[in-house]
Amino acid sequence: MKFSFLESPERSVAPVETVLEACTRLMGHDEKLTEICVKLLGELELNDLVDRVSVEWNTRMRSCAGRAFWPTGLIQINPKLTLISDAEVKQTVLHELAHLVAYERHPNRTIKSHGVEWQRACVDLGIPGERATHELSLPTRTLQRKWRYDCPKCEKSFERVRRFKGVVACYDCCLKTTGGRYHETFRLNEIRMSS
Ligand SMILES: [Zn+2]
Ligand SMILES: [Zn+2]
């Protein structure tokens with residue numbers, strides 16, 4: 001175990017990130033991914049879009065990997081992407097960002113969603129040759145979840161393909177009692193699953 005709450009109380013803030021990653025990462029606004037977009041748009045000098053762009057997780061998405069809303073500047077991504085890899089998450093964000101870039105550059109013209117303008121934007125964003133599909137096509141293998149984490153208090157459980165590094169607690173329970181800071185009482189029990 002990477003972290004021990006009782007033995008090093010001065011590090012008691014450290015697991016919060018892990019807690020946040022465990023749960024809130026799968027819903028709502030994502031600051032880190034938004035920052036990636038902001039930086040890239042700045043480099044492309046699309047400064048109006050810099051102010052509008054925002055990336056959020058949408059837990060209600062099914063097979064759609066991501067969506068882009070223009071002129072809003074909103075990008076929504078499917079939390080299931082985390083079951084594949086961080087690289088897949090980023091690739092999807094860039095795919096969607098390319099839609100925003102293409103529309104922003106041609107605000108008064110009808111363009112095909114995955115046409116030359118979008119392809120050009122993909123090149124500019126560092127993902128040349130990006131595929132046009134939005135569908136998640138997860139082989140069954142990658143969807144098999146191997147780990148389950150149960151909250152000892154509220155009976156929520158979280159399934160993961162990859163094992164959490166370090167200690168995790170139930171974010172909902174922590175939020176109710178400590179305002180979102182890690183608390184040992186709500187540490188999730190780790191269960192390895194097999195099929
Ligand atoms: Zn697309
Ligand atoms: Zn809980």
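The values are calculated or read from the model by the stated rules, or taken from the named source; none is laboratory data. Keep in mind it's a predicted model, so treat the numbers as computed, not measured. Please note: Cβ atoms are built from the backbone with ideal geometry, for glycine as well, and neighbour counts cover all protein chains shown.
Just a few scattered comments:
- Exactly one residue out of Glu135, Glu130, Glu190 is within 16 Å of ligand 1 (Cβ to nearest atom), at pLDDT below 85 and among the acidic types (Asp, Glu): that is Glu135.
- Picking from residues in the range 165-178 that are within 15 Å of ligand 2 (Cβ to nearest atom) and either in the same structural domain as Ile84 (by TED's automatic domain parsing) or not in a helix (DSSP H, G or I) (or both), the one that is nearest to Leu83 (Cα to Cα) is Val168.
- Restricting attention to the range 68-125, the residues that are within 18 Å of Asp48 (Cα to Cα) and small (Gly, Ala, Ser) add up to 5.
- Among residues that are farther than 19 Å from Phe69 by Cα, at pLDDT below 90 and not small (Gly, Ala, Ser), Asp124 is not included.
- Against the numbered list (1) closer than 22 Å to Gly42 by Cβ; (2) away from ligand 1 (no atom under 11 Å from the Cβ), Arg109 comes up short only at (1).
- Tallying residues that are loosely packed, with under 13 Cβ neighbours inside 10 Å and in contact with a strand residue (DSSP E or B) (Cβ under 8 Å, 6 or more places away or on another chain) within the range 160-184 yields 3.
- Residue ranges of helices (runs of 4 or more DSSP H) in the range 41-128 with at least 2 members crowded, with 19+ Cβ neighbours inside 10 Å: 86-105, 116-124
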